[in-house]
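Data block below; observations after.
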Amino acid sequence: VFLATLLRESFGTEPFDRVPEADLVMDSEDAVSAFVRAGRPRGVLSGVYAFYVEQACRMIRPGDRVLDLGCGPASLLGSVAALNPDATFVGVDLSAPMIAAAIDSLRVRGLRNVELRIDDMTELASIASGSIDVVLSSMALHHLPDTARLRRCFAAVERVMSPEARLFMADFGRLKSLKSVEYFVRRAIPRDEPILAGDYRASLRAAFSRREIGTSVPGPLRRRISIYTTAISPMMVVLMAPFPGRTRDGGTEARRAVRSLPLGRRADYWQLRFFLRLGGMPLR
Ligand SMILES: C[S@@+](CC[C@H](N)C(=O)[O-])C[C@H]1O[C@@H](n2cnc3c(N)ncnc32)[C@H](O)[C@@H]1O
């Protein structure tokens with residue numbers, strides 16, 4: 001099955017037709033709690049999060065104001081904020097139950113450097129122009145209904161960024177075949193998590209292609225960012241501006257945390273690194 005997926009993704013030409021998420025904003029209680037479970041320290045997403053935390057930390061400097069688009073239950077945002085106590089963070093999400101879960105999780109972790117807002121990432125009405133030093137986002141873009149909204153989201157991002165602002169965004173990229181979607185769902189999600197499996201399947205079907213993402217970024221911002229995808233199948237797309245020169249303290253600590261992950265999650269971290277590096281991302 002692995003070999004068949006490899007061949008399909010290597011030799012397929014066009015991605016399948018996109019199926020937008022039925023749950024554009026994640027506000028069903030079941031979906032929220034399945035996602036909270038997945039984001040726990042040793043949960044299904046912990047290996048992928050470890051990689052994102054490390055990259056985000058490389059972008060952040062003391063005193064920065066950092067924005068996380070579609071922050072969900074703030075599992076990831078909380079980990080980045082804990083490693084960067086001298087920076088302040090704003091998380092925006094359109095789902096009230098997600099923001100409620102985020103408030104709980106930040107309280108439990110005792111984090112005081114994070115603010116949460118119900119806001120639309122295609123508008124960012126609550127964020128002043130030019131006020132953000134670092135933009136982060138994980139697994140959120142594919143929730144937008146179409147490329148017109150994707151363009152609006154990037155235009156809003158460009159508006160809120162300060163002139164020297166940095167950016168790290170990552171999301172799924174659309175695969176070539178729906179059969180590959182099923183392969184990745186089976187491989188990643190335990191059998192006793194059917195809601196999470198449904199959510200993951202819907203996410204991979206709703207993913208934008210690398211080209212759709214690239215062409216939705218407005219010109220001036222496009223010239224500043226690099227876009228990388230995992231090699232062979234464009235399962236993950238990363239947008240980065242600029243590529244940071246050297247790992248900062250938070251990044252080193254995030255890397256150390258990988259050692260305490262369960263074996264399977266550590267493998268997720270190393271695989272993501274490997275395939276992004278093979279896809280051209282200059283990781284050491
Ligand atoms: C799959 S979750 C990812 C959460 C988090 N970034 C993470 O990686 O754990 C996607 C989130 O995007 C939110 N979302 C969807 N459309 C949005 C919009 N237009 N503006 C803000 N948030 C949105 C959903 O409510 C959901 O919480």
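The values are calculated or read from the model by the stated rules, or taken from the named source; none is laboratory data. Keep in mind the model is a prediction, meaning the values are calculated, not measured. FYI the Cβ positions are ideal-geometry reconstructions off the backbone, even for glycines, and counts take in every protein chain you see. In case anyone asks, the SASA skips ligands and DNA or RNA and just uses the protein heavy atoms, side chains included. Shrake-Rupley method; radii C 1.70, N 1.55, O 1.52, S 1.80 Å.
The table for this structure:
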item	result
Odd one out for residue 201, checked against (1) open to solvent by less than 30 Å² (accessible area, probe 1.4 Å); (2) within 15 Å of residue 19 (Cα to Cα); (3) part of a helix (DSSP H, G or I)	(1)
Region 79-97, subset in a helix (DSSP H, G or I) and either open to solvent by less than 20 Å² (accessible area, probe 1.4 Å) or more than 9 Å from the ligand (Cβ to nearest atom) (or both), residue farthest from residue 40 (Cα to Cα)	96
Members of region 204-230 that are within 20 Å of the chain's Cα centre (by Cα) and in a helix (DSSP H, G or I)	204, 205, 206, 210, 211, 212, 213, 214, 215, 216, 221, 222
Some residue of region 243-254 being surrounded by 13 or more Cβ atoms within 10 Å (Cβ to Cβ), within 28 Å of residue 151 (Cα to Cα) and not β-branched (Val, Ile, Thr)	yes
Sole residue being buried (at least 23 other Cβ atoms within 10 Å of the Cβ), touching a helix residue (DSSP H, G or I) at 6+ places or on another chain (Cβ under 7 Å) and of a type in the set (Ser, Thr, Tyr), chosen from 138, 131, 105	138
Enumeration of residues in region 1-28 that are open to solvent by 40 Å² or more (accessible area, probe 1.4 Å), away from the ligand (no atom under 16 Å from the Cβ) and of a type in the set (S, T, N, Q)	10, 13
Residue in region 152-166 that is assigned to a loop (DSSP other than H, G, I, E, B) and either more than 15 Å from the ligand (Cβ to nearest atom) or of a type in the set (Asp, Glu) (or both) present	no
